Amino acid sequence: MAAKVGVGLLGLGTVGGGVASILQSPGERHPLVNELELIRVAVRDLNRPRPVVLDESLLTTDPSAVIQDPAVDVVVEVIGGLEPARSLILQAIAAGKSVVTANKAVIARHGQEIAEAAAAAGVYVLIEAAVGGGIPIIEPLKQSLGGNRINRVSGIINGTTNYILTRMAEEGAAYDAVLKDAQDLGYAEADPAADVDGLDAADKIAILATLAFGGSVERAAVPTEGISGLQGVDVDYANQLGYGVKLLAVAERMAASGDPLPLSLRVQPTLVPKDHPLAGVNGVNNAILVEGDPIGRVMFYGPGAGAGPTASAVVADILNIAGIRQASDGPGKVDPLLAAGSWRPCALVESGDIRQRHYVRFKTKDAPGVIGNVGGCFGQRKVSIQSIVQFNASDAGAEIVVITHEVSQRQMDEALQAIQALPEVLGLAAHLGCLQGDK
Ligand code: HSE
C-alpha cells in the first residue's frame, strides 16, 4: 500500500483547528482521509489555548520547520493575512510541496505569481476554501463548468455581512451586537473591517473572475462598498418595495471576446427582488450564481464561513492532492484541470461603464412638482425609471425613492448631479445597486 500522505499545518486558529479535527477523526469520511497524517503544526504561541487537543510534540513556532520536514507532502496555509503567508506559500512551492490555502487576500493579489511558481515546480496550489467557505465553487469553475463560456458570476460571498444583514432585517438587531456574535462564531476576519467594508468579498470576486474568465484582474481596481454606511431606513423601504438588501459581488464579461477581455467587477449593497434565487440566502450562508453558455444558470449554496465548513473545503483539496500523489506516487507533471492553467489579459472597464439598475433615495422639500423635476432630470440623461415613490411627506420634507432600469454608472452620475442641483432637493441620502427580477 502507498505511504501515508503527510500534512503540515501552518496556523491552528478557527480553520486550522477544524482541519486538525477532521484529520483526527477519519471514520465514516472518504477512505482516503485515513491515509492523511498530520505531521507538524506551526503555531504563533505554544502556550495559547487550542481549539483542538493535539499531541504537543507536533507543535512548533517555526513555519519553516513544517515546510522543510521531509515527511510533509502537503502544506496547508491557514494563517491568513498577506505576510508571512505569501512568502511561506512560495517557500513551500520551492521545497517541492503542494499547498492548500484558504487565503483569499494573498490569492487575489499574488495568485498569478503563486500559480506560475507552482507550475514551474510541478506542484499544486489549491484554494477551494478561499471562496464560499464550505461551498464547492473553485473546482466546479475550474473543472465541471469547463465546457462553458462564462458570462457572469454573482453572489453573496461574505458570511459575516450576510449574517449581520439577516439578523438586522429579521430581528431589528443592533449592528454592533450582531458583529460581535459573528466574531464569536468564528465567521469574521481578524480585522472585521475586511468583512463590513466589502474587502473580503472583493478579494473573493477577483478570484472567481480569474477562474471564470481565465485571467488575473487587478484587485485594487475593483469598485468596493461595504455595509457600514447602509441605513435601516433603506432596508425598510426596499422591503416595502419587494426587495431584500444583500452585499452582492458581481463579475461579468462586457464583450464576447477581447484582448484584453473587458470585465466589470463590483461589490456593493444591492436590492435583490424577493423572487430572485439570491433573496432567500440568509445568515452565514453564501450563494454563487454562475451564468454560462450553454449551461444557463447554476447556483452554489451553503455555509460561507466558520471552522467546519471551511475545513471541509481545505480537506477536499488535500484529498485531491493525495489522490493524485498516490496514483502517480510522487510529484511530477500536474493535472491541467486541477492546476491553475492559463492566464490571459483581462482588464476592468472604467467604473462609468458599469451597467446595472440603481436604487436612490433623495431628501427633498415637500414642494409641488418635485417628483416631476426629479423624473425630468433622469429622462434628460436617458435614465429610464422603473418606479418612483414618495415616502414620509410632511412639513419637514419628503423622501423620494427611485429604482431605475439598467443604465451606465456615467449616465446615473450625471443625472444625480443634475438632481442634487435642484433647489427643492436637499440631498442624496442613499445609493445602492438593484438586481433585475427573476421573472
Ligand atoms: N470572514 C469571511 C466571511 C470568512 O465572513 O465570509 C470566510 O472567508
ask   = Residue by residue through the range 418-435, which ³J(HN,Hα) values in whole Hz follow from phi under the Karplus form 6.51 cos²θ - 1.76 cosθ + 1.60 (θ = phi - 60°), with glycine and proline marked x?
value = 5, 5, 5, 7, 5, x, 7, 9, 8, x, 8, 8, 7, 8, 10, x, 8, 7
remark   = Among Val425, Val53, Val284, the residue with the largest mean-square fluctuation in a Gaussian network model of the chain built from Cα contacts under 10 Å is Val53
note = In nm, the gap between the two label points placed 7 Å beyond Cα toward Cβ at Arg50 and Ile385 is 6.4
task = Give the long-range amide H neighbours of Gly198: residues separated by 5 or more places, or on another chain, with amide H under 5 Å away, using H modelled in the peptide plane at 1.01 Å from N.
result = Ile227
For the range 62-69, Karplus couplings with θ = phi - 60° (6.51, -1.76, 1.60), whole Hz, Gly/Pro x = 10, x, 5, 5, 5, 4, 7, 4
inquiry  = Quick check: the distance between the Cα centres of the range 6-68 and the range 140-170, to the nearest angstrom?
reply    = 29
query = Using modelled amide H (1.01 Å from N, peptide plane; none on Pro or chain starts), what sits under 5 Å from the amide H of Arg357, excluding residues fewer than 5 places away?
reply = Val407, Cys434
request  = Considering the options Ala327, Ala305, Asn286, tell which one lies farthest towards the positive end of the dipole of the range 261-328, charges being +1 on Lys and Arg and -1 on Asp and Glu at the Cβ, about the Cα centre.
outcome  = Ala305
task = Using θ = phi - 60° and the Karplus relation 6.51 cos²θ - 1.76 cosθ + 1.60, list the HN-Hα couplings for the range 163-168 in order, rounded to whole Hz, with x at every Gly or Pro.
result = 5, 5, 4, 5, 6, 5
query = Using the alpha-carbon centroid of each, what span in Å lies between the range 243-307 and the range 364-378?
reply = 34
task = Please work out, to two decimal places, the log10 of the ratio I(q)/I(0) at q = 0.06, 0.12 Å⁻¹ from a Debye calculation in which every Cα of the chain carries one identical scatterer.
result = -0.29, -0.98
task = Can you spot the aspartates and glutamates whose alpha carbon is less than 14 Å from Lys180's alpha carbon? Ignore those fewer than 8 places along the same chain.
result = Glu189, Asp191, Asp195
inquiry  = Rounding to the nearest 10 and keeping the result within 0 to 90°, find how far the Cα-based axis of helix 199-213 lies from the longest principal axis of the chain.
reply    = 80
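Every number in this text was worked out from the coordinates using simple rules, so none of it is lab data. Remember, predicted model here, so these are calculated numbers, not experimental data. Cβ: placed from backbone, ideal geometry, glycine included. Neighbour counts: every protein chain shown.
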